[in-house]
Structure formats: structure tokens, C-alpha cells
Amino acid sequence: MSDLFYLDHWNWELLLVLGLLFSAIIMFIQNKPRMDAVGMIMIAVLPFTGILSIDEALTGFSDPNIVLIALLFVLGEGLVRTGVARDIGDWIYKKAGNQEIKLLMLLMVAVAGLGSVMSSTAIVAIFIPVVLRISSNTGISPSKLMMPLSFAALISGMMTLISTAPNLVVNSELVRQGLDGFSFFAITPFGVAILLIGLGYMVFARKLIPDRSAGKKSKKKRPTIDDWIEKYKLRQRQYRLEVQEASTLVGMNFDALDFSERGLHLFAIERKDRRQTVFHRPNKQMALQVGDVLLLDVADQGVQLSKFTKQYGLKRLLLTDRKRYMTDLSQELGMTEAIIPVNSPLVGQTIHDARVRSDSGVTVLGLWRADGLMEDTFLDEEIKVGDTLLIAGFWDDIKRFQQDDRSYVVLLHLPAEFDDKLPAHTKGIQAIVILALVVGAMVTGIMPNVLAVLIGTLLMGLFRIIDMNSAYNAISWKSLVLIVGMMPFSLALQRTGGIELASDALVSLVGDSAPRVGIGALFLITALLGLFISNTATAVLMAPVAISMAIELGVSPYPFAMAVTLAASSAFMTPVSSPVNTLVVAPGNYVFGDFVRMGVPFTILILILSVFLIPVFLPF
């Protein structure tokens, strides 16, 4: 007799739970209300059924895996704030150049590798501007690169135990049922195999991705520092002067330098501090040292720089392409255009006489008027209402100048480089070492996973890679509340016989076939369910079904749990199957059918691979 019946009457408790579950799925599909709100609604409603107590409905909030997922978001934020991920993207372009196939392979390998230790959604968000920059440099359409980016990010979820929430959900269900959980690298062989298939698939199937580079750009491109360098003709105005051992400035304060000459502006002092380079604001109390580099802008070509260097024992350094007009310093120094308002106290003064730097710490590098650039005479030009000034300085000084209540200027816009500014760009080595220690602790099992990651996040705070605000902002609270809200369904379905019913149905479907067929059926149902609800919610629902099914078949539960794990991450088939896909729709200019055309065949390949490969590494 089916579990939907108890002898002569319906199993109303199971029907009630299934009704709530169906209601949740409908709300997920309609996205009304938002998914985390649906999770909270389910937590509130389930205790009223009498099947679960309020403590059982709220048990997800005390689950160590929920804390672990939250901490992993913070750990990944450390890699973002230090620029580790962005540096990898720049390395890809340097190695691949304009070779599309090589670019695809390096991009996918890098994203899959980095995504194995941080959020796949975060990795896509980081790499979208990197891919757009590569696209701009190579002429390859963004649509040809964004799809491989999203596929690689989803594959990264199959690389390690901590790489995505569904893995941890399935692992948590194994532990909850008294079984040993997966090891840190248990999923890795499957992820590597799927990545290799993905690389080959993209090489041949990339022709199915339409080239939509000709699409109209609706948003005006933000200016870059390079744009302003060309507009204001700054290219030949930068100088870097190194303090020599015999210099008269060694040990003397900065105010010993004579900057009375017009058009000579000192931006910053570059100094080696242990293994890193630090840039200091010029101040009168700072004592100069051997090896310090003075970063200068010389606006007046009449300035006798050779006389200046000889007077103080300074050496002029050659500038490489990478160091052209301080574009390599965009993490510390920035620029912005500003317009002069009617009530500005600068009106009527010359730029030289206004002494903006002494008041605000920023420097005026150029003047643009209605009739064009005031190139040679801008230092002597009286500032007028409506003039546009190019202002440069440390980013903090620029923002402070913008907020000055004396209304000197009105900033027009910050450059594109402002979005690339990294709060902890000098801490990359520390972040990598901390990450390695965390992974090492998890692999060796010397402490619980959640404790290892907690210590790692505290270390990142100790080294000032992250702060409390950035840590809280890094956590995807929406995802956590969704997981917590769906977790009680697992217990409710188990208590009302729903898990056993689903398991019986799958066993009946498989019949006397080999367990491999059961793995295939479980994978297919999980992947199809993932079309309508999040892969995390899918894992919450299907993990107990997989374990129950294995027990009924009299085989090991691990192959079946792994099938759910891999299927939950195989969200390739629609743009709404995963936030990873949704993020690349706009920059790739994709339509719904693009994901169907590329994702369905690839999901079938993963299904076939899983059926044959899972029993090899996890025998029945």
C-alpha cells in the first residue's frame, strides 16, 4: 500500500507537507515573494501543521554547515579585496593574447580553480569586467566568452567539498543520518573530468554561441584615466626621481625641497617597505630615505628639471609602458573631472595662486574651457564659472574634496578605475597563505571544517584584509535564509513518509536494473527540478531521497549522494537556473534559447559521465 494511504484513509500529513512544498516551488518560479522570504514563510507555517515543533523548524540556524557557508563567503571576499582574482584574469590575457581557443581554456581553468575555494557567483562577478577588458583588447565578442565563464563557474562547484552550498547540504544530510561525510577532495575527480569535457565541448560548440558584438550599447562608457591623459595631454609630464645615497635630502624632512617653481607638483613618495611598495602623501614631517622615489608632474615645460635633480642629488628613472603617467598607480592615485560652480571661491583666481593642494591635498592638472584645452597657459588662466578642471590625488583626498562644504567644485564623474580600487591590494600574499592554511586544515582533518574556516576569517581580519562591515556585506544572507527555510522540509518529509515514498517510486522506476540506472534517474530528476528552484533547495530535497533509495536497493549511499551533488551543480540549461547564468546574460547579450542550445547537450554529457564514472570512485 502506498505511503499516501494509511490503510483506508489518506496520509493527510504528507499531503499537507507536499502542498506546502508545491506552494514554495510555485513562489520560487514566480519569484514572488523573493526566495528568502519564501523560506521564512515555510519556517513560520510548518510548526502549525503539528508535524514539526518550532525548535525543529528553526534547527537550520544552528547547523554548522550554515555557519560554514557564511564564513566561506567572507573568505572569498578576502580574495576579492586583495585583487588575487583580478590578477589571475590579467595573467590570462597576457598568456593567451588574441588566440581564442587558448583564451577559452585558460579562462575556464582559472575560473574553475579559483571558484573551488570561493563562491561561484562571486567569481563570475569578479571576472565579468576582466572578460570585458579582454574582449575589448582582443576584438573577440563578449558573447563568445561570457558563456564559457558561466559554465566554468558552475563546474567549479564540482571541484571541492566547500566550493558550493549544495555540496555542503548533501554532506550535512549524510552526517545527519549517521554516515561519514565526504572528504574535502571526494568530488574533485568528477569535477576535473567534467572540466576536461567542458573544455573540449567549448572548443567545438563555441560556434553555436552567436556573435552579438554589434548590439547597440545603451550605456555611455565611463571615462578612464587613460582617456583623460590623452584629453589633457599629460603623457610627457610625468617624472620619477630617486633619492640617491649621496643626496642632500637623506634624513631631511620633506619641506627641505623647494617647490616654489610654477608647474612642479609632487603627487606622492614611493617607498619600499619590507617586501612591498608603499605610497605616502607628501607632508612636512616625513623624513626622506635613500631609495625613495618622488612622483612628479611637470606642467610647465620651462621648469629646469635637470637643475632640480642636480641640486638635490636625485636620479631620473626611465619610465616603462606600464608606468606611463601613473596608470600603474590607480590603486592609490586617481583623477576626476570637476566643474566650477557659480559660488566657488576659486572663480577669478589662477590655478597657481589658488593653492588648491595646500587646502585639500589634491592637484589641478589641467583646465578645459568651452573652446578647448588650455594647454600651455592654464596655470595663468583665471578660473571662470563653468570651467572643467582635471584634479588628481589620493582617492581619499578626492572623495574628501568632493564632500567639502565650501563648494570649491562639483565633481562630474569618477573614472572606471575607481570601481577597480581594491581595499587591501597589498595583502595578496597574506590572503593566499591564509587560504592555503585553511584548505590544509580541512584536507588533513586536524579540526572541524567550520573551525578551520572560522580561524581563517579571523586571520584575515587580523591582517586587515577584511573588516567587520565587508565581512557582513560579503555574506549572501538571501542564500543562507533560503537554505535554512528549506531544511525543515527534509525532516518533515522523512517523518510523514514522503522520503520513503519518493524512494519507492524511484526504485520501482528502476526495477531490477543495475544501480547505475538508479544513479541516472536520480541525476535526471535532480537536474530537472533545478530548472524550477535553486540548486541549493534541490539538494536539500533530493539528498535524503538519494540516501533512502540506496538503502532500499541495499547498496552504498555515497554514489547516489554524489549523483545529487553533481546534478545540483549542473544548472547549465536556462539563464534562471543559477545566479551564475543570470549575471552573464546582459554583458553577453544572450537570449533564453542560447542557454538551452548550449546547456542541454552539456548536461546530457555530464549525466552519461556520472553514470559511468561515479561507481568507479564510489563503488556500490
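The values are calculated or read from the model by the stated rules, or taken from the named source; none is laboratory data. Worth saying up front: this structure is predicted, and the values here are computed from it rather than measured. Neighbour counts run over all protein chains shown; Cβ positions are idealised from the backbone, glycine included. These accessible areas exclude ligands, DNA and RNA; they are computed on the full protein's heavy atoms, side chains included. Shrake-Rupley method; radii C 1.70, N 1.55, O 1.52, S 1.80 Å.
Considering only residues that are more than 30 Å from Ala44 (Cα to Cα) and charged (D, E, K, R), which ones fall in region 436-487? Hits for region 436-487 are Arg464, Asp467. Apart from one condition, Gly178 fits all of (1) assigned to a loop (DSSP other than H, G, I, E, B); (2) surrounded by fewer than 24 Cβ atoms within 10 Å (Cβ to Cβ); (3) in contact (Cβ under 8 Å) with a residue 12 or more places away in the chain; the exception is (3). Look at region 31-44: where a residue is farther than 12 Å from Leu21 by Cβ and a partner is open to solvent by 70 Å² or more (accessible area, probe 1.4 Å) and of a type in the set (D, E, K, R), sitting 6+ places away or on another chain with Cβ atoms under 8 Å, you get Arg34/Lys478; Met35/Lys478; Asp36/Lys478.
Quick one: Asp512 ticks every box in (1) at pLDDT below 85; (2) within 23 Å of Leu174 (Cα to Cα) except a single one, so which number is it? Of everything listed in (1) at pLDDT below 85; (2) within 23 Å of Leu174 (Cα to Cα), Asp512 misses just condition (2). Residue check: Pro189 meets all listed conditions (1) modelled with pLDDT of 90 or more; (2) farther than 29 Å from Val591 by Cβ; (3) crowded, with 17+ Cβ neighbours inside 10 Å but one, namely (3). Of the residues that make up region 550-568, is at least one buried (at least 24 other Cβ atoms within 10 Å of the Cβ), at pLDDT below 85 and assigned to a helix (DSSP H, G or I)? No: region 550-568 contains no residue that is buried (at least 24 other Cβ atoms within 10 Å of the Cβ), at pLDDT below 85 and assigned to a helix (DSSP H, G or I).
Of the set (1) at pLDDT 80 or above; (2) assigned to a helix (DSSP H, G or I), all apply to Phe308 but (1).
Sort out which residues of region 198-222 are at pLDDT below 80 and either touching a Leu at 6+ places or on another chain (Cβ under 8 Å) or not small (Gly, Ala, Ser) (or both), and write them in order of number. Explain how you work it out, then say what you get.
Going residue by residue through region 198-222, those that are at pLDDT below 80 are 210-222.
Of everything in region 198-222, those that are at pLDDT below 80 and either touching a Leu at 6+ places or on another chain (Cβ under 8 Å) or not small (Gly, Ala, Ser) (or both) turn out to be Pro210, Asp211, Arg212, Lys216, Lys217, Lys219, Lys220, Lys221, Arg222.
Going by the structure shown, is Val124 under 24 Å from the mean Cα position of the chain (by Cα), farther than 27 Å from Ile551 by Cα and modelled with pLDDT of 85 or more? No: the conditions fail for Val124.
Put simply, of Ser247, Ser163, Ser150 the only residue that is within 26 Å of the chain's Cα centre (by Cα) and either surrounded by fewer than 17 Cβ atoms within 10 Å (Cβ to Cβ) or not in a helix (DSSP H, G or I) (or both) is Ser163.
On inspection, Ile483 passes the criterion of being assigned to a helix (DSSP H, G or I) and more than 14 Å from Leu75 (Cα to Cα).
Working only within region 61-101, note down all residues that are farther than 30 Å from Ala205 by Cα, acidic (Asp, Glu) and in a helix (DSSP H, G or I). Break it down into steps so the answer makes sense when it comes.
So in region 61-101, the residues farther than 30 Å from Ala205 by Cα come out as 61-84.
Then keep just the ones that are acidic (Asp, Glu); that gives 63, 77.
Once the filter is applied, which keeps residues that are farther than 30 Å from Ala205 by Cα, acidic (Asp, Glu) and in a helix (DSSP H, G or I), region 61-101 yields only Glu77.
For region 368-384, the candidate set comprises residues that are in a strand (DSSP E or B) and within 21 Å of Asn343 (Cα to Cα); within that set, the residue that is modelled with the highest pLDDT is Trp368.
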